Amino acid sequence: MRLRNVSGSRDVIAQSPLVVHDPETLKNNWNKAFGNDHPIRIEVGMGKGKFIHELATQNPDINYVGIEKYSSVLIRALQKMEDAPLTNLLFIRMDAEDITKVFGSGEVDKIYLNFSDPWPKDRHAKRRLPSREFLRRYDCFLKKDGVLEFKTDNRDLFDFALEELSFAGWEALQVTYDLHHDEKMSAGNIMTEYEEKFSSKGNPIYKYIIRR
Ligand code: SAM
């Protein structure tokens, strides 16, 4: 039966070979999961997976891991794989707070954050995926010269994310406050689900590319 007709996302995800169920066991061994030595790139908080699915389709010689907290959302990414299967894309259902248990030192080539939840209350700042706490986590497994790319339409979150860089020892390589009108930074841009929704309302999209 096609996944589109299935209710009960937890059971489907528990049985899916596209979802890594014990990701800690693959720490330092992700190349074995993919069966090759290609670079590994991840999207944290991928949502329904449009962005990472398109990226993986365009780049068959790069391996991708999509991380999403909720089964009800992750199942949408599995449906995309049913329609257009790929061998270079795997998923993890987890809270990214535990991400350092999953990837070893230097194991990841690039990190994508797209339209991360803003967590507007100050007391929840540590939950924001571009916070200094998360940047320290990413530092544990991102390759030495690896980069992190972040897009959002939320100006407060973007300003916060830029301010966090120096606290965690990162620096901005490229910044734009209007991605879709920035010829250089928009080249090859793949729209996420949220990006389509918010840019169609006329919201500018902010983006940075950072490294340590
Ligand atoms: N990246 C997608 C896009 O741009 O269309 C989805 C954006 S949506 C606003 C944020 C997604 O991140 C949600 O699906 C949410 O469940 C997921 N998320 C938020 N915090 C997370 C965390 N700590 N670990 C894993 N996923 C998380």
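General remarks:
- The residue that is nearest to the ligand (Cβ to nearest atom), counting only those in segment 163-189 that are part of a helix (DSSP H, G or I) and surrounded by fewer than 16 Cβ atoms within 10 Å (Cβ to Cβ), is HIS180.
- Residues in segment 99-109 that are touching a residue at least 60 places away in the same chain (Cβ under 8 Å), open to solvent by 20 Å² or more (accessible area, probe 1.4 Å) and in contact with a helix residue (DSSP H, G or I) (Cβ under 8 Å, 6 or more places away or on another chain) were compared, and the one that is nearest to LYS32 (Cα to Cα) is GLU107.
- Here is the figure for segment 110-148: residues that are in contact (Cβ under 8 Å) with a residue 40 or more places away in the chain and in a loop (DSSP other than H, G, I, E, B) total 6.
- Of all residues in segment 162-178, those satisfying the criterion of being within 16 Å of LEU148 (Cα to Cα) and touching a strand residue (DSSP E or B) at 6+ places or on another chain (Cβ under 8 Å) are LEU162, LEU165, TRP170, GLU171, ALA172, LEU173, GLN174, VAL175, THR176.
- Those residues of segment 60-98 which are near the ligand (Cβ under 10 Å from one of its atoms) and open to solvent by 30 Å² or more (accessible area, probe 1.4 Å), in sequence order: LYS69, TYR70, SER72, VAL73, ARG76, ARG93, ASP95, GLU97, ASP98
- Of residues in segment 190-211 being touching a strand residue (DSSP E or B) at 6+ places or on another chain (Cβ under 8 Å) and open to solvent by 30 Å² or more (accessible area, probe 1.4 Å), the one farthest from the ligand (Cβ to nearest atom): ARG211
The values are calculated or read from the model by the stated rules, or taken from the named source; none is laboratory data. Because the structure is a prediction, the values reported are computed rather than measured. Heads up, the Cβs are rebuilt from the backbone with ideal geometry, glycines too, and the neighbour counts pull from every protein chain shown. What goes into the accessible areas is simple: the full protein's heavy atoms, side chains included, and nothing from ligands, DNA or RNA. Shrake-Rupley method; radii C 1.70, N 1.55, O 1.52, S 1.80 Å.
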